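Below is one structure, written out as structure tokens; the observations come after it.
Every number in this text was worked out from the coordinates using simple rules, so none of it is lab data. Just so it is clear, the structure is predicted and the values come from calculations on it, not from any experiment. Cβ placement follows ideal geometry from the backbone for every residue including glycine, while neighbour counts extend to all protein chains displayed.
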Amino acid sequence: MKVMNSYSLEKDNVVGNVRIYKKESDYVPTYELQIPELEAATEAMLDHIRQQLVKHVKVKITEMLNPDSMEDIKRRFLQKASELIKLEFPSMSEDTQKSLAGRLVHEMLGLGAIELLLADDDLEEIVINNSKEPVWVYHKSIGWLKTNIMIPSEDQIYNYAALIGRRVGRQITNLMPLMDAHLLTGDRVNAVLFPIASKGNNITLRRFARNPWTIVNFISPEIHTLSKEIAAVVWLAMENELNMIVAGGTASGKTSFLNAIMPFIPPNQRVISIEDTRELMLPKFMHWIPLTTREPNPEGKGEVSMLDLMVNSLRMRPDRIVLGEIRRQREAEVLFEAMHTGHSVYATLHADNAEQVRRRLISPPIELPESMLEALHLVVVQFRHRARGIRRTFELAEVVPKESERGFRVDINVLYRWNPKKDSFDKVIKSDSLFDRSEKTRLFDEISMRTGKKAKEIEEDLKEKQVILQYMLDNKINHVDAVGKMIAEVYRDKDYVLEAIKKKKKPEDIIGKEFTRR
């Protein structure tokens, strides 16, 4: 047996030890979570305490349905559980008493042993396939692992799914056996009930980082998702309100990239985001209204679709509209109409390269008239290399409208492409500059038209943006609020920020201590 990794986890004073190992006879490694076993007498006493907690801690239905009340309910349960445990186990150590109280809260208000898995920052996915198989997890650096955790019954899996749904206003029943929801921590949840899931009730939890990746994380040498140069070009495009689609395959980092570039929006603009499940997280000081869809009730009433929200958002005076994912023709039509009416729009789409984005948009089932694509300026393509365990920005391309003898069409002009052999981001055009007039890029034409700047001035702006990105990287300014604050300061007084960087001032001198205490 080969031990691949070992570490400890802690949540609500419950401590577990993780050991990841692989036996020669196994096809996949095992993720073993070790929690101290309780004696039979202790377990029996905890059952008694559970009954006492239900009697003493009164919870209103309105509280259970209010996400803001859950932390208060949890605090009350922990406090009363600690009191009861001290009465029943007076000679037990304080740490053990706290651990037992945490266990009770995980079982009564949470997802049992799954709560500790949700505390593991190395995990991306937690999957319950049914009650007859172990829980599986997807580890960031190792891949799929089977755990030693079993859910005792199909009813328990259903109870977990129903509990998650109730807290965010979703339902899962025999009539509605599919559910997309999220935990209060932001982690995404998908559940499918038997017999639709023919092997048993199924829950998939996609765990998101508590501090989402920012553009600074993306350009760091350790992660190396994209280069400073590409990041600066995207910043320049968003500053000048160019429309953009972020494409890629499943789990390629589309939403993470979209979230990372949102702080490039000036903070004095109103942002409306529309998602099926809340995933985006913008800096707290931005003028941001997040909207989420709602499924119909068992009678088929009460549905709020993405299309409903998109149409409604146009009446909310948005400066920028962010759409979680383009799936259907009508959604795409409304989105591109918003572009044509002067709104800056950003969205994600499943596609493997920029040319495929064009084909998907003009082919069934979306099937937009090609002339509508003229409003789209840039396409960013994310790529996940499963074998190497890396994510990269595969392409940055511009959409170029063309008039020809055969009529109107749009071409895709790739500006940057990832080189897998060198693991580098190479400029595709021949010139050293994107803004060389001989290249005749649409990007230059659009930015020059909007700003009145010449090529040399735009190049200088790009270099300044790279200096600011490098400063954030060097000074570990990578929290979403801190990155947003830094960019907001650039919009307020770029010369001051550049001068402060030149004089090697500390981050707190630019963005304040509040944003550097992370």
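Observations
- Prolate/oblate/rounded call for the stretch 61-140, Cα gyration tensor, a/c under 1.5 rounded: oblate
- Over all other residues within a Cβ to Cβ distance under 11 Å of Ile151, the charged ones net out to -2, with Lys and Arg as +1 and Asp and Glu as -1.
- On Cα atoms only, tilt of 480-492 relative to the major axis of the chain in degrees: 30
- Calculated SAXS-style log₁₀ I(q)/I(0) at q = 0.31 Å⁻¹ - the stretch 210-249, Debye, Cα scatterers: -1.06
- Rel. contact order, % - alpha carbon contacts under 8 angstrom, at least six apart, the stretch 1-157: 22
- Contour minus Cα-Cα distance for Glu303 and Arg406 (0.36 nm per residue): 32.7 nm
- On Cα atoms only, tilt of 70-88 relative to the major axis of the chain in degrees: 30
- Under the shape rule built on the C-alpha gyration tensor, where the axes satisfy a ≥ b ≥ c, the stretch 402-518 is prolate, since a/c reaches at least 1.5 and a/b is greater than b/c.
- Each residue of the stretch 455-472 was assigned a 3J(HN,Hα) from its phi angle through the Karplus expression (A = 6.51, B = -1.76, C = 1.60, θ = phi - 60°), giving 3, 5, 5, 5, 4, 5, 4, 4, 5, 5, 5, 5, 4, 5, 4, 5, 4, 4 Hz with x at Gly and Pro.
- Other residues within the sphere of radius under 14 Å centred on the Cβ of Glu331, judged by their own Cβ, net out at -3 (K and R +1, D and E -1).
- Folded to 0 to 90 degrees: helix 94-109 orientation relative to the chain principal axis, Cα: 70
- The distance separating the Cα centre of the stretch 170-206 from that of the stretch 320-375 comes to 29 Å.
- Once the Cα-Cα distance is subtracted from the 0.36 nm per residue extended length, the Arg388 to Ile196 segment shows a gain of 65.7 nm.
- Inter-site label distance for Ala455 and Met316 at 7 Å from Cα along Cβ, in nm: 4.2
- Neighbour cut-off at most 10 other Cβ (10 Å), DSSP loop, trypsin sites (Lys or Arg not before Pro), the stretch 1-108: Lys23, Lys58, Lys60
- Note on the stretch 66-129 and the stretch 132-159: Cα centroid distance 19 Å, given to the nearest whole angstrom.
- Once exposed loop GluC sites (Glu not before Pro) are cut out (DSSP; at most 12 other Cβ, 10 Å), longest piece of the chain: 40-221
- Residue-averaged 222 nm ellipticity for the chain, from DSSP H runs of 4+ at -39500 (n - 2.57), nearest 500: -11000 deg cm²/dmol
- Size of charge dipole - the stretch 215-509 - debye, nearest 20, with Cβ of Lys, Arg +1 and Asp, Glu -1, no other charges: 660
- Taking each residue as 0.36 nm, the span from Glu83 to Asn268 lengthens on full extension beyond its C-alpha to C-alpha distance by 61.7 nm.
- The chain: relative contact order as a whole-number percent, Cα under 8 Å and 6+ apart: 11
- The stretch 215-509: antiparallel DSSP beta bridges as a percent of all, rounded to 5: 50
- Karplus-derived 3J(HN,Hα), 6.51/-1.76/1.60, for each residue of the stretch 337-342, Hz, glycine and proline x: 5, 4, 4, 5, 8, x
- Rounded to 5, percent antiparallel among DSSP beta bridges of the chain: 70
- Positive minus negative residues near Lys402 (Lys, Arg vs Asp, Glu; Cβ under 9 Å): -1
- For Cα extents along the principal axes in Å, the candidate list reads (i) 81, 56, 49; (ii) 102, 55, 42; (iii) 82, 58, 52; the entry that matches the value derived from this model is (iii).
- Under 14 Å from the Glu107 label point (7 Å along Cα→beta-carbon), backbone N, the stretch 39-59: 39-54
- Taking a ≥ b ≥ c as the square roots of the Cα gyration tensor eigenvalues, the stretch 165-208 comes out oblate, since a/c reaches at least 1.5 and a/b does not exceed b/c.
- Reported to the nearest whole Å, the Cα centre-to-centre distance from the stretch 398-414 to the stretch 218-265 is 24.
- For the chain, size of Cβ-based charge dipole, Lys and Arg +1, Asp and Glu -1, in debye: 500
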